Amino acid sequence: MNTSSQPATDRRTVRAAIAPLLGEPRISTALTSQLLAGEVVEVIDGRGDWVQVRGIDGYEGWTHVGYLTPSQGGEADWRWSLGCVVREAQGVVHALPLGARLAPSTDVLEGLAIPADARAPHFLMNGAAIAASAAALFSGASYLWGGVTPWGVDCSGLMQRIALLHGVTLPRDAWQQALATDAVTEDAAAAHAPSDLLFFSDRDDRRVTHVGMALGDGRMVHSALTRGGVTIERLDADDPYVARLRTQCTGVHRLRIP
């Protein structure tokens, strides 16, 4: 029995492949981010069948209780999806995106899932490996505001999810990511190290609105609405959009890799 004067924390686990995180407690409101199967969230408020939740990155939003189930603990030991089709214990067959977690009773029918303790050796914690993942794992993904998977991703969602696979923690939004990393230069066309983050702004006050990741050799990968999704740019290219990006660069920052 809980004898503390504080109420027990209400933790839920995402049971859908993807659960939308919304700005308000209604399905027609704007998507702000996404939660993936197996992620554990803390309930901080509720309105009927809608709950306001906080993820492990501190990001908050609203989602429907239908996407969630009570947390049983141990989700940190669940397997990681690298993109697979699974059959759940109840017999339901469905796809899971990169980064989702698989409950212990789930069978993999197609694709690949790796044990939690195999993630670190599979995704090395260095800049070159992080950049290689960013270039390859989301290749061809469409742009989706609030998206965090190869099924649709925005600029900061791409950075956060790639970093997470490699054990590096980043907050959700681009301006937050700028605060959580270390500035090294303001020149978008400089010789950046692989995995450096390039920040941009299209606002008069220079508040960060966009982010990409350096791949080395003058290249950057990002998810841009102007390109329709994830693409690799040459930062010295004679291209109107890239030229505009160079003028909008607010700084190049280095990830804090443990």
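Structure notes:
- Complete set of residues in region 96-151 that are aliphatic (A, V, I, L, M), open to solvent by 60 Å² or more (accessible area, probe 1.4 Å) and under 14 Å from the mean Cα position of the chain (by Cα): L137, L144
- Residue count for region 196-207 under the criterion of being open to solvent by 30 Å² or more (accessible area, probe 1.4 Å) and in contact (Cβ under 8 Å) with a residue 12 or more places away in the chain: the result is 3.
- Against the test of being assigned by the TED database to the domain that holds W145, at negative phi, among the charged types (D, E, K, R) and at pLDDT 95 or above, the options R227, R206 yield a single qualifying residue, R227.
- If you go through region 179-190 and keep only what is over 16 Å from I130 (Cβ atoms) and surrounded by fewer than 23 Cβ atoms within 10 Å (Cβ to Cβ), you end up with L179, A183, T185, E186, D187, A189, A190.
- Of the residues in region 160-172, at least one is assigned by the TED database to the domain that holds L137, more than 15 Å from V221 (Cα to Cα), in contact with a helix residue (DSSP H, G or I) (Cβ under 8 Å, 6 or more places away or on another chain) and among the polar types (S, T, N, Q).
- G46 meets all of the listed conditions (1) surrounded by fewer than 18 Cβ atoms within 10 Å (Cβ to Cβ); (2) within 27 Å of Y143 (Cβ to Cβ); (3) modelled with pLDDT of 95 or more but one, namely (2).
- Only residues that are assigned to a helix (DSSP H, G or I), among the hydrophobic types (A, V, I, L, M, F, W, C) and closer than 21 Å to D202 by Cβ were counted across region 147-162, and they come to 3.
- Where a residue in region 83-95 is in the same structural domain as T106 (by the TED database) and its partner, wherever it lies, is at pLDDT below 95 and polar (S, T, N, Q), with Cβ under 8 Å and at least six apart: E88/S105; A89/S105
- Single unsatisfied condition, H94 versus (1) touching a Pro at 6+ places or on another chain (Cβ under 7 Å); (2) under 24 Å from P70 (Cα atoms); (3) not in a loop (DSSP other than H, G, I, E, B): (1)
- Single unsatisfied condition, A193 versus (1) closer than 17 Å to S133 by Cα; (2) buried (at least 18 other Cβ atoms within 10 Å of the Cβ); (3) touching a Gly at 6+ places or on another chain (Cβ under 7 Å): (2)
- Failed item in (1) surrounded by 14 or more Cβ atoms within 10 Å (Cβ to Cβ); (2) outside the structural domain of E110 (by the TED database), with G58 passing the rest: (1)
The values are calculated or read from the model by the stated rules, or taken from the named source; none is laboratory data. Treat the numbers as computed from the prediction; the structure is a model and nothing was measured. All Cβ positions, glycine included, derive from the backbone under ideal geometry; neighbour counts span all protein chains shown. Keep in mind that these areas ignore ligands, DNA and RNA; they rest on the heavy atoms of the full protein, side chains included. Shrake-Rupley method; radii C 1.70, N 1.55, O 1.52, S 1.80 Å.
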